[in-house]
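Here the structure comes first, spelled out in structure tokens, and everything after it is commentary.
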Amino acid sequence: VRQCVESMTITAQREKVNIITLKVKRYNPETGVQPWLQTYTIPTHPGMTILDALMTVKESLDRSLSLRYSCRMGICGSCGMRINGVERLACQTQISELKGDVVRVEPLRYLTVIRDLITNLTPFFDKHREVRPYMIRKDEEEQEHPAKEYLQTEGEMERYIQFASCILCGLCFSSCPTVAIDLFYLGPHALAQAYRYNSDSRDQGEKSRLQVVDAAHGVWRCHTAGSCSMVCPKGVDPALAIILLKKKM
Ligand code: SF4
Ligand code: FES
């Protein structure tokens, strides 16, 4: 198979079909070897995404390359990585939309690398859990055994619906300059979810969430750089959620 890809690349060069050079950050903490950039050259085809390119490498050139993915359609949030220095979903990034024929691919920042492009997302999910991202009712019996539907008007739904699109991909977290200097900072994803549930007319947990948010590593650490909102692949605007949380408080 390796020979096949190599011969496809040579044919592509000869026939002037586009080829791409991927520079992928590799690291295996078990070996003790420092992270390095490994170069792979492969032919591309129309519609090819960075995830397709990485899978071509993995299937045909280097099986040791490690990455995380699942849905291949921008839903599961597991293929987040830095592509040419910007946080993106690999499955949603077409090679044709990138400038040049050399693409640098790196893991998300501020998370421990397990191997190559796979990071340990546990601290990210822990922060999410801290803001109690679920419906809370004052009556515990009602919380555990709801007996009726809680209807909403369109207007009530509009208050939170854009923030409900979060797929927990981690792109905003990796792009955030506050996370860069404070690893205990809750982060844009968690704060956006605090706002999402606080704004839901069916929820009664605002008080307990605000206690978490109004803390040393909470909402006041944000300097409104807005990079979180720039990179979010689902159109969530965490910077806006943080501003609205601050305003409420
Ligand atoms: S807010 Fe956007 S970028 Fe951040 S985790 Fe959710 S979907 Fe990903
Ligand atoms: S593989 Fe699921 S979002 Fe990319």
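Values quoted throughout were computed directly from the atomic coordinates according to the rules given, and no laboratory measurement underlies them. As the structure is a computational prediction, the values presented were derived from the model and not from experiment. We place every Cβ from the backbone using ideal geometry, glycine too, and count neighbours over all the protein chains shown.
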Subject >> Förster-model FRET efficiency, 25 Å R0, ILE19 and ILE161, C-beta, rounded to 0.05 >> reply: 0.05
Original post:
What is the spin-label model distance, in nm, from TRP220 to GLU149 if the labels are put 7 Å beyond Cα along the C-beta direction?
Top reply: 4.3
Subject >> Relative contact order, percent, the chain [alpha-carbon distance under 8 Å, six or more residues apart] >> reply: 17
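Assuming R0 = 45 Å, what is the FRET efficiency of GLN94 and LYS246, from their Cβ-Cβ distance, to the nearest 0.05? Could you put the intermediate results ahead of the total?
Details: r = 37 Å, r/R0 = 0.82.
E(calc), rounded to 0.05, equals 0.75.
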Original post:
Which residue, chosen from TRP36, GLN152, PRO238, occupies the Cα position most advanced towards the positive end of the dipole of the chain, where the dipole is computed from +1 (Lys, Arg) and -1 (Asp, Glu) charges on Cβ about the Cα centre?
Top reply: TRP36
**OP:** Rounded to the nearest Å, what's the spacing between the alpha carbon centres of segment 181-212 and segment 82-112? Just the number, please.
**Re:** 29
